[in-house]
Amino acid sequence: MNLRFDDNSITVAIVGCGGFIGSHLLDAVLERTRWRVFGVDLDFYRLQHRLNHERCEFLCADLADSAVVERIAKFPLVVNLAAICTPSRYMGEACEVIRSNYDHPAALAEACAKSGSWLVHFSTSEIYGKTAADSGELLEDSTPAVFGPVTASRWSYATAKLLAERYIAGLPDLRWTVVRPFNFVGPYMDFMPGVDGEGIPRVLANFSTALVRGEPLKLVNGGRAKRCFTSVHDAVDFLFALFDAGTSDSGVAPDAASANAGCAGVFSQAFNVGNPENEVSIAELAAKMRAIFAKVRGVDVSMLPEPQSVSGEEYYGVGYDDSMRRMPSVAKAERLLGFKARIPLDVALEESLAWFVKHYSV
Ligand code: UGA
């Protein structure tokens, strides 16, 4: 593929451009390349500073519209970040979650297979399923996945994402790469309930909201689950390593067998993107965020309310379930792309929380 960063005739389509990861990717594309951007989303409030940029065109739409899908697939590189991806919605809105995470990406993948675009599809670390507290590293091409029963509708999202991956991998002629994010954090993540969104955001925004409002942080089932939080800046660096490698790749979409045999480049591959060194339990995350907030505000941490434990069902509703540990193997990204996440947890949390405090106090 010819995707040189200095080629101003290239346009990248970013679906979900107005979201958390999309807004960081947009900034990086404009700063690091001469490409144009075709950004699609349902809102663009995070992109106020970019709305009139000469290299950007924005479309307020979603992938339910087949004309929009066709239009997106005309560009040589398509990054699909669009998804409903907040766990609080997986229970009450399972069908909408499945449409957003399977039907829409499948339609886009079909259109990209026809047009010859390279589809970089954002999946999730949640496709590894209901991982136990003692589970080891999750490997892209060999770790089996176990999910909860159909009554535990928490898994509506993960199973839709997994089916989307399988559909993409099964489409003949599609040049694809799947990205599995491991709990990205950074400025612009999610929302503050009652201000720019409703319901329960993911843990970083939820804890940040509670700290700003002087409320106790809620530890679901005691906060024993562990996650490897990864800075969104590392995620963007991963994407640039990927684009770079895609440019030097042959341009021929290899079949899955040759990809799995390790002789492919970046096409027909799924990559974990995470930072194993940033593993922390949610209770430990709460302690770190309280300490950082106290520092940002210049108060003693003992002045902040103590965290409270709540049951998952009490907090999220019937059908909630959890993965107890999500530890990525990152060997494949290192081997094929020379990529390794670098930003330590404390740095990522401090940046995120400082941004949150400033943004929502305006
Ligand atoms: C979610 C999505 O489902 C994934 O698709 C997505 O990839 C992932 O976030 C991510 O950000 O990468 P999860 O890790 O469960 O998965 O998301 P959170 O809502 O951030 O929850 C993390 C842990 O914190 C869970 O154990 C949850 O029960 C707990 N939690 C959450 C609390 O203890 N308190 C809260 O207020 C919120």
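Annotations
- For the chain: relative contact order, % (alpha-carbon pairs under 8 angstrom, 6 or more apart): 19 percent
- Stretchable slack from Ser142 to Glu314, in nm (0.36 nm times residue separation minus alpha-carbon distance): 58.4 nm
- Simple Cβ-charge dipole of the chain, Lys/Arg +1 and Asp/Glu -1, about Cα centre, in debye nearest 20: 300 debye
- On the basis of the beta-carbon distance and an R0 of 45 Å, Glu277 and Ala67 show a calculated FRET efficiency of 0.50.
- Rolling a 1.4 Å probe across the protein heavy atoms gives the stretch 97-160 an accessible surface of 39 Å² per residue.
- Ranked from largest, the principal axis spans of the Cα set of the chain equal 58, 45, 37 Å.
- For the stretch 154-208, the calculated P(r) over all alpha carbon pairs, in 10 Å bins from 0 to the bin holding the longest distance, is 19, 34, 29, 16, 2 percent.
- Value at 222 nm in deg cm²/dmol, rounded to 500, when DSSP H runs of n ≥ 4 in the chain each add -39,500 (n - 2.57): -11000 deg cm²/dmol
- Cα-based convex hull, the stretch 37-168, per residue volume (Å³, whole number): 138 Å³
- Positive-end residue, the chain charge dipole about Cα centroid, Cβ charges, pick of Gly129, Leu337, Gly317: Leu337
- Residue ranking by accessible heavy-atom surface, 1.4 Å probe, largest first, among Glu277, Glu140 comes out as Glu277, Glu140.
- Of all accessible heavy-atom area on the chain, the percent that carbon and sulfur account for (1.4 Å): 52 percent
- Annotation: extensible slack from Val301 through Arg224 equals 25.6 nm (criterion: 0.36 nm per residue apart, minus Cα-Cα distance).
- The charge dipole of the stretch 275-341, taken about its Cα centre with unit charges on the Cβ of Lys, Arg, Asp and Glu (plus for the first two, minus for the last two), comes to roughly 480 debye.
- Separation of the Trp355 and Asp134 label points, Cα + 7 Å toward Cβ, nm: 3.9 nm
- Rounded to the nearest 10 Å², the accessible area of Lys161 at probe 1.4 Å: 10 Å²
- A simple spin-label model places pseudo-atoms 7 Å from Cα toward Cβ; at Glu31 and Glu198 they are separated by 3.5 nm.
- Angle of helix 203-213 to the longest C-alpha principal axis of the chain, folded into 0 to 90 degrees and rounded to 10: 40°.
- Working from label points 7 Å from Cα in the Cα-to-Cβ sense, the Cys60 to Lys340 distance is 4.6 nm.
- One chain, two ends: His49 and Tyr167. Fully extended at 0.36 nm per residue, the span grows by 38.8 nm beyond their Cα-Cα distance.
The values are calculated or read from the model by the stated rules, or taken from the named source; none is laboratory data. Quantities reported herein were computed from a predicted structural model and do not represent experimental measurements. We place every Cβ from the backbone using ideal geometry, glycine too, and count neighbours over all the protein chains shown. When the accessible area is computed, the model is the full protein with side chains, heavy atoms only, and any ligands, DNA or RNA have been set aside. Shrake-Rupley method; radii C 1.70, N 1.55, O 1.52, S 1.80 Å.
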